[in-house]
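Notes for the one structure printed next.
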Amino acid sequence: MTDQTARTASPAERVLIFDTTLRDGEQCPGATMTLEEKLAVAEMLDTMGVDIIEAGFPIASNGDFEAVAEIARRSKRAVIAGLARAIPADIARAGEAVKFARRGRIHTFVSTSPIHLAHQMRKTEDEVVEIILKTVAQARDLVEDIEWSAMDATRTPIDYLCRCVEAAIRAGATTINLPDTVGYATPDEYRAMFRSVRERVPNADKAVFSVHCHNDLGLAVANSLAGIEGGARQIECTINGIGERAGNAALEEIVMAIKTRADVLPYETGIDTTQLVRASKLVAGATHFPVQYNKAIVGRNAFAHESGIHQDGMLKNQTTYEIMTPESVGVHKTSLVMGKHSGRAAFRSKLEDMGYRLSDNQFQDAFERFKALADRKKHVYDEDIEALVDENLATAHDRIKLVSLTVIAGTRGPQRATLRLDIEGRIVTEETDGNGPVDAVFKAIHALVPHEAALELYDVHAVTEGTDAQAEVSVRLRQDDRIVTARGADPDTLVASAKAYLAALNKLQAGASRLHAQHAAAE
Ligand SMILES: CC(=O)SCCNC(=O)CCNC(=O)[C@H](O)C(C)(C)COP(=O)(O)OP(=O)(O)OC[C@H]1O[C@@H](n2cnc3c(N)ncnc32)[C@H](O)[C@@H]1OP(=O)(O)O
Ligand SMILES: CC(C)C(=O)C(=O)O
């Protein structure tokens, strides 16, 4: 696909990607990961170009400490961060864990909003500023790279927020994070908050500003991008958007928004985007959190098209319905899913891919049967298409054709089949009881097409998986020394059985007429 986005004239500015899958991501109920799983995720993040990996909250447990320390030891290029409350013991423990890293960061945070000060911290504004000064300075004595976060920044009055930010930078913070802790902000507000703090805080130029957004109102990615427009240059996010409550901003969405809309977002990240789907699968597997099918970028439908008009467009040119290539995020290729919304263009292309070359009439016939099948079946697999096209080709010249079949089955018995056939253009009907539904169907066939052939084999199997899978029935008939085997497929096993039996009879009769013709020619 050609790049449809024109870059702006000014060079793109680098934005740092801070991944907190292993800390905030792991905080969501049920997402706990083992040490091995965390190490695998951290390795993936490091390889794909994440700038800072927040590996955990070392004071939280010995397991968390071990994970942060081990990730710190193993990281090849990313900065490794450990979280700490504004409490000396937390900071000391975080310092212990990240000291093994080539580049370690202590990320310390404290609440700044009136709600949190009154109800969680139970401290005054002045007391919190004192705590910031002391704890940031303590952290700075341990490592050079200090991030300070104002928990609940978006519900903090701007004057007090500026006072806290100024104090944190003065005490040695090198990154200032202003989180939307409860996912409350709108993009305009969040952008304006960064602009205002950066303009008003005198030492703001000494720190990198960071966004950290939660998705309670579904605005985490939009807010993160707005924060960047407001001057932040670090984005905190998680793979698949996992995180506290409704989650964090999704890394893959942010990175691809920046890459795809370079015309209006003149920034760049260091992420190898072709690793995004792999990372998503790894995290989904480790946390046992499935990725919703329609999830942007990494959902299994993100590059799948079922509707005929879209499939037609995609076959003509991928840019008609895709704004980025599947390859750019690590998906092998676009998939055109065959279903009841598909049209002729996609069906023809699918048949060609499967190696079929049909005449116009055969194609039209196969398409109608495909539509009828798709109406009844949730997923139409290649095997289903193969079964219906093969059957179509095999039955095109049949003398006897199935028109309809209704069967009454169940515990009350006897089972009854009402069968309607087209025999060389003549419509005939029969209603028969049987010892079971298949027996009733076969007896009805016998009544309408009297024959001497004996049933030697009746075999049923599913063409694909699922309860709506097509049944494929094989029937073998013997008449004198002639044996024929034929197949029939349908989501209804009894219809498939009737089709298979009739196909076998057609074969027998076609063979008999060929023999008859040969004898006549010989005489
Ligand atoms: C927005 C965020 O994501 S913040 C990170 C949230 N993540 C976690 O909490 C996961 C890990 N947490 C834990 O394992 C535990 O909560 C611990 C180890 C941190 C603390 O455990 P406990 O000592 O038993 O405290 P508990 O969890 O009951 O309460 C939290 C305490 O920390 C205080 N606190 C909360 N945030 C901060 C902060 N940033 N700085 C200082 N103190 C804080 C609370 O006021 C409360 O103190 P109190 O007991 O004096 O009232
Ligand atoms: C610790 C901070 C950064 C946080 O997770 C939040 O405010 O959501």
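Against the chain, whose longest principal axis is taken from its Cα atoms, helix 276-287 shows a tilt of about 90°.
Legend: residue pairs K295/K333; K76/K99; K99/K206; K443/K507, Cα-Cα distance threshold 21 Å; pairs beyond threshold, K99/K206. Here's the list of aspartates and glutamates a cross-link from K259 could span, going by alpha-carbon distance under 18 Å and ignoring same-chain residues fewer than 8 apart: D3, E13, D19, D51, E229, E236, E268, D272, E322, E327. Taking the square roots of 5 times each eigenvalue of the Cα gyration tensor of region 419-471, largest first, gives ellipsoid semi-axes of 25, 15, 12 Å. Computed over region 196-334, the alpha-carbon pair-distance distribution with 10 angstrom bins reads 11, 36, 33, 15, 4, 1, each value a whole percent. For region 148-230, the solvent-accessible area of protein heavy atoms averages 36 Å² per residue (probe radius 1.4 Å; ligands and nucleic acids excluded).
Rolling a 1.4 Å probe over the protein heavy atoms gives region 304-391 an accessible area of 54 Å² per residue. Accessible surface calculations at 1.4 Å, restricted to protein heavy atoms, place region 1-126 at 45 Å² per residue. When DSSP beta bridges are restricted to pairs lying wholly in the chain, around 45% turn out antiparallel.
For the chain, the longest principal axis of the alpha carbon atoms and the long axis of helix 35-48 meet at an angle near 90°.
Sorting the segments 245-252, 127-134, 105-112 by their residues' average number of neighbouring beta-carbon atoms within 10 angstrom, most packed first, yields 105-112, 245-252, 127-134.
Would you kindly give the portion of the calculated P(r) for region 397-522 that falls above 24 Å, as a percent of all Cα pairs? Looking at region 397-522, the distances longer than 24 Å represent 28 percent of pairs.
The reciprocal of the average 1/r between distinct C-alpha atoms defines the Kirkwood hydrodynamic radius, which for region 304-391 equals 13.5 Å. By how many degrees, between 0 and 90 and to the nearest 10, does the Cα long axis of helix 158-171 differ from the longest principal axis of the chain? The answer is roughly 70 degrees. The Rg/Rh ratio of region 13-287, with both radii computed over alpha carbons and Rh defined as the Kirkwood radius, is 0.94. From the Kirkwood radius over Cα pairs of the chain, Stokes-Einstein at 25 °C and 0.890 mPa s returns a whole-number translational diffusion coefficient of 89 µm²/s. Close amide-amide hydrogen proximity is noted between G56 and L83, each under 5 Å apart and 5 or more residues distant or on a separate chain (H modeled in the peptide plane; Pro and chain starts excluded). The fraction of accessible area contributed by carbon and sulfur in region 397-522 is 49 percent, rounded to a whole number (1.4 Å probe; ligands and nucleic acids excluded). Summarising the amide proton neighbourhood of G270: residues at separation of 5 or more, or on other chains, whose placed amide H is nearer than 5 Å comprise I17. Straightening the chain between E127 and D272 buys 47.8 nm, computed as 0.36 nm per residue apart minus the Cα-Cα spacing.
The simple Förster model, with R0 at 45 Å and r as the Cβ-Cβ distance, assigns N435 and L35 a FRET efficiency of 0.15. Going 7 Å from the Cα of D422 along its beta-carbon direction, which residues of region 374-393 have the amide nitrogen within less than 19 Å of the resulting point? Label zone hits: 388-393.
The values are calculated or read from the model by the stated rules, or taken from the named source; none is laboratory data. Computed from a prediction, not measured in an experiment: that's the story for all the values here. Neighbour counts are summed over all protein chains in view; Cβ atoms, including those assigned to glycine, are modelled from backbone coordinates with ideal geometry. Accessible surface is based on the protein model in full, side chains and every heavy atom, while ligands, DNA and RNA are left aside. Shrake-Rupley method; radii C 1.70, N 1.55, O 1.52, S 1.80 Å.
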